[in-house]
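Throughout, read-outs are computed from the coordinates displayed, never taken from laboratory work. Just so you know, these numbers come straight off a predicted model, no measurement behind them. Cβ coordinates were reconstructed from backbone atoms using ideal geometry, including for glycine residues, and neighbour counts include every protein chain displayed.
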Amino acid sequence: MLGHAVRARMTGGLVGLLLAAGTCAVTVIPASPASADAVRDQEMWVLDMVHAPAAWPITQGQHVIVAVIDSGVFPSVSDLAGSVIKGPDLSGVTTPQSDTSWGVHGTWMASLIAGHGHGDGSSGIEGVAPASHVLSIRVVTGLVRREFGQIVVHEAMHAWLVQHRFPSLPEPLCEGLCQAMSYRYIRRHMAEPRARLMARHIRESPDPVYGGGFRAVRASALEHGFENVIDHVRRTGRLP
Ligand SMILES: [Zn+2]
């Protein structure tokens, strides 16, 4: 359930950011110059995919504050320096900020949103809105790699459904398909006890949308094959 809660928050944050970016065109700032930074080069395809460089001449998120409701954000990271507003710690635990697991995931997320690089700005991580600020609200203590991967796969499936022009789907079917993709991902790592536990959580979730949706998709996939189910849903908006 933690994964669902975090996922909803992450998605909400991104939607909020997009809405904010769409309505807050204020000062025109030219896009950053091309860089020779390897980290920057590796992330550019993602920024290009969401057309961030095309949006930057219109807005880079200045005057926008994005709440990062996550595991905390390190304000001293060079690519986020000056862009982090410290909010409350609602996690219910007292892990010190010096702990190596403190804020790792939250800082990743904040960098993807508001990273502005370092030096003259041409090195390091650039976010989709490099002139925005993030408000760090700590509510969880971190996400291990498999949980993070599972969430990414789930959200990527949502994007894929939109990109491939699936019809509007009932929520249990839409979430069920995304959970089914997460399940396929986690099944590749069943040698890990944590992955087996996560797979069980997906299978047995009492949530009617996520759990019920997944079980309906899985039953259909076992009968017809996953690819056939995907093809049928795309054509009809329903499970075969
Ligand atoms: Zn979803």
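State whether the range 113-165 is rounded, prolate or oblate according to the following rule on the C-alpha gyration tensor (a ≥ b ≥ c being the square roots of its eigenvalues): a/c under 1.5 gives rounded; otherwise a/b larger than b/c gives prolate, and the remaining case gives oblate.
Oblate, because a/c is 1.5 or more while a/b does not exceed b/c.
With a 10 Å radius around each residue's Cβ, average the other Cβ atoms per peptide and rank 151-159, 58-66, highest first.
Sorting 151-159, 58-66 by mean packing, highest first, produces 58-66, 151-159.
Using the Karplus curve 6.51 cos²θ - 1.76 cosθ + 1.60 with θ = phi - 60°, what ³J(HN,Hα) values do you get for each residue of the range 169-175, in whole Hz, with x for Gly and Pro?
Listing the rounded values in order: 10, x, 4, x, 6, 4, 5 Hz.
Using a 10 Å cut-off around each Cβ, can you sort Arg188, Arg215 from fewest to most neighbouring Cβ atoms?
Ranking Arg188, Arg215 by Cβ neighbours within 10 Å, fewest first, gives Arg188, Arg215.
If you find the alpha carbon centre of the range 163-239 and of the range 106-158, how far apart are they in angstrom?
Value for the Cα centre distance between the two parts: 26 Å.
Work out, step by step, the length gained on full extension between Asp231 and Met44: first 0.36 nm times the residue separation, then minus their alpha carbon distance; give nm to one decimal.
Extending this stretch completely gives an extra 64.2 nm.
Within 14 Å, Cβ to Cβ, of Leu222, how many net charges do the neighbouring residues add up to if Lys/Arg are +1 and Asp/Glu are -1?
In short, +3.
Say each of Gln62 and Ala219 gets a label point 7 Å from the Cα, pointing the same way as Cα to Cβ; how far apart are those two points in nm?
Each label point is offset 7 Å from its Cα along the Cβ direction, giving 5.7 nm.
Less than 20 Å from a label point 7 Å out along the Cα-to-Cβ axis of Glu192: which backbone N atoms in the range 87-103 qualify, by residue?
Residues 100-103 fall inside that zone.
So for the range 112-160, averaging the separation of alpha carbon pairs under 8 Å that are six or more residues apart and normalising by length, what relative contact order in percent results?
27
Got a sec to turn the phi values of the range 114-127 into Karplus ³J(HN,Hα) couplings, 6.51 cos²θ - 1.76 cosθ + 1.60 with θ = phi - 60°, whole Hz, x for Gly and Pro?
Along the range 114-127, the couplings run 10, x, 10, x, 9, x, 8, x, 8, 10, x, 7, 10, x Hz.
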